Amino acid sequence: MAAGGGGGMTWQEELASLVEETGIRYPTAAAEDDEPRDLRKRIVGDGFEDGVMAEESFKDQIKGFLKATGEMIHELGKGCRDIVEQSLVGVEDSYVVRKLRGPCEMVAVRLSFLNEFLPEDRDPMRCWMVVVLVLLLSLSAMNVNTGSQNLVNQPKKLYIHPPSAARIQLPDGRYMAYHEQGVPAETARFSLIAPHSFLSSRLAGIPGIKTSLLEEFRVRLITYDLPGFGESDPHPGRNLNTSAMDMLSLANAVGVQEKFWVLGYSAGGIHAWAALRYIPHKIAGAAMFAPMGNPYESEMTKEERYKTWEKWTTKRKLMYILARRLPSFLPYFYRRSFLSGMHGQPEKWLSLSLGKKDKALIENQIFREFWERDVEESVRQRDTKPFVEEAVLQVSRWGFSLADLQVQKHDGKGFVSWLKSLFNPTEREWAGFQGPIHIWQGTDDRVVPQSMTEFVRKVVPGATVHRLLGEGHFSYFCFCDECHRQIFSTLFGIPEGPLSMAFDDDENIEDAEDIETPSEQNCEETSDNHTEQNELS
């Protein structure tokens, strides 16, 4: 094999002759043939078995790798922290920080009201950084979910119908669209004017009201589009005072000569309250259905305000906070919901929490068709401004308080006269709106909570509250023939047929002047009515 003296040496002996004695003995080829080698058992380890190093499992390898990786990341984080700390030394005196310090402090002051929602033992800076991060992640998740849902179920597109409304010109040159139902002006006994609620239009009125019922009670129902909604022109600087004046101008333009009733449903209630405050001499009475109040009303106690807010969804609370503090953010949400050009569910678009009866009603095909047509008319102008204005009106200062609608007055002056009036109810007199105010409120209404109606009854002593057991926000007012009959019977009494247009002689005229109309009778019955009535639909 090899030249020299190593001709008879094996390769193990030749290798051993080249290095020092290590004590390691290599098995011979024969031994290897007798006992096959398993290379996996000859990896480096801490334990030995029979002179051979023990096997390390795959699980131990993974654990070791993860442990080493964690240590490396920990050390990297410490290094980055040290770099940041060293970089921030003296940064307070830098040019950029000096320029941004003022605006940042201003923003912090504007948003400081949010700290009231944090526990006392939490650092606002750290908490709100976490809140902002979670909000961004939530919005991202909502975008992903919305995209996947759109691929499965494409929503129905909004269809804008050709203009079809009757319109009048207001004193300031704007045009207002309106809609009439019931009997004509010449034969009407009662005129009822109804401003619509948020995300609605003149087409709403009393949803599902029968023409035959209006004719039986001789009611003329007039509904109209608020400024910027439907086919009505926008108002450059509207408030609740201008809202009442628009209602008065409409009544005069369509020939309502006598006093009229005003109907306020949900958010439309704020315009009905404005009519009672600014044009009480033209109002015969008010019919309110779960009327919306100001959730920031200063005269509410802490407990009343808590009960008002507690059942609302988180998103709805956010909408009210934005409308109150940062209304410029509202168009972003509106364009992604009812101004997106697609149809959607009312509870999602308006962030509503609904009870059992309301959920059943909005799934009904008749209600769905009504809702879609009403929304299509509401967003006809595709402008976010009127919706932002309406949202801001709900939560900003109205220019009056509900307590101003009926104010106790005293004949005498001084403290003694006031004290006597407290203990002698017969001597109490009220200034302001003196007509009947009827409020219907469902016990399962989660849109306008009962606490808001209880507050109204407290500050408006002449209001009569009809508590509707088991009813929700929509179930009693919409598409309920028996409910509509109960409402008209309460407001107008027994139906008496058409209004007589002529009298046979002067004696009949004098007799007619002595006859009380049902509205006058209701006024006398409800002026001192402070009790609660229960009605079952």
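The values are calculated or read from the model by the stated rules, or taken from the named source; none is laboratory data. Bear in mind that the values here come from a model prediction, so they are computed numbers and not experimental data. We place every Cβ from the backbone using ideal geometry, glycine too, and count neighbours over all the protein chains shown. Just so you know, the surface numbers come from the protein's heavy atoms only, side chains and all, with ligands and any DNA or RNA stripped out. Shrake-Rupley method; radii C 1.70, N 1.55, O 1.52, S 1.80 Å.
For the residues Gln486, Gln450, Gln441, Gln434, the requirement of being open to solvent by 80 Å² or more (accessible area, probe 1.4 Å) and either at pLDDT 65 or above or in contact with a Cys (Cβ under 6 Å, 6 or more places away or on another chain) (or both) singles out Gln434.
Does Asn294 fit the bill of being open to solvent by 30 Å² or more (accessible area, probe 1.4 Å) and of a type outside the set (Lys, Arg)?
The answer is no for Asn294.
Among residues of region 455-479 being open to solvent by less than 10 Å² (accessible area, probe 1.4 Å) and of a type in the set (A, V, I, L, M, F, W, C), the one that is nearest to Met300 (Cα to Cα) is Phe455. Among the conditions (1) at pLDDT below 50; (2) more than 34 Å from the chain's Cα centre (by Cα), Glu496 misses just one, which is (1). When region 445-478 is filtered for residues that are assigned to a loop (DSSP other than H, G, I, E, B) and more than 16 Å from Ser266 (Cα to Cα), the ones remaining, listed by number, are Val460, Pro461, Gly462, Leu469, Gly470. State whether one or more residues within region 334-341 are part of a helix (DSSP H, G or I) and modelled with pLDDT under 90. No, every residue in region 334-341 fails to be part of a helix (DSSP H, G or I) and modelled with pLDDT under 90. Being farther than 20 Å from Ser197 by Cβ and outside any helix (DSSP H, G or I) is a description that does not apply to Glu303.
Counting just the residues of region 427-471 that are over 21 Å from Lys317 (Cβ atoms) and hydroxyl-bearing (Ser, Thr, Tyr), which one comes out farthest from the chain's Cα centre (by Cα)? Only one residue fits best here, namely Thr464. Scanning region 173-198 for residues that are in contact with an Asp or Glu (Cβ under 6 Å, 6 or more places away or on another chain) and not in a loop (DSSP other than H, G, I, E, B), we see that the one that is surrounded by the most Cβ atoms within 10 Å (Cβ to Cβ) is Ala177.
Against the condition open to solvent by less than 50 Å² (accessible area, probe 1.4 Å), of a type in the set (A, V, I, L, M) and without any contact (Cβ under 8 Å) to a residue 60 or more places away in the chain, how does Leu318 come out, does it pass? Write out each step before concluding.
On the way: open to solvent by less than 50 Å² (accessible area, probe 1.4 Å): no; of a type in the set (A, V, I, L, M): yes; without any contact (Cβ under 8 Å) to a residue 60 or more places away in the chain: yes.
No: the conditions fail for Leu318.
A search for C-beta distances below 8 Å between a residue of region 350-362 that is more than 24 Å from Ser340 (Cβ to Cβ) and any residue that is surrounded by fewer than 19 Cβ atoms within 10 Å (Cβ to Cβ) and of a type in the set (Ser, Thr, Tyr), counting only pairs 6+ apart in sequence or on different chains, returns nothing. Does Phe474 satisfy the criteria of being of a type outside the set (Gly, Ala, Ser), more than 33 Å from the chain's Cα centre (by Cα) and modelled with pLDDT of 85 or more? Criteria not met by Phe474. Cβ-Cβ contacts under 8 Å between residues 6 or more apart (or on different chains), taken from a first residue in region 231-254 that is in contact (Cβ under 8 Å) with a residue 24 or more places away in the chain to a second residue that is open to solvent by less than 30 Å² (accessible area, probe 1.4 Å) and polar (S, T, N, Q), are listed as Ala251/Ser191.
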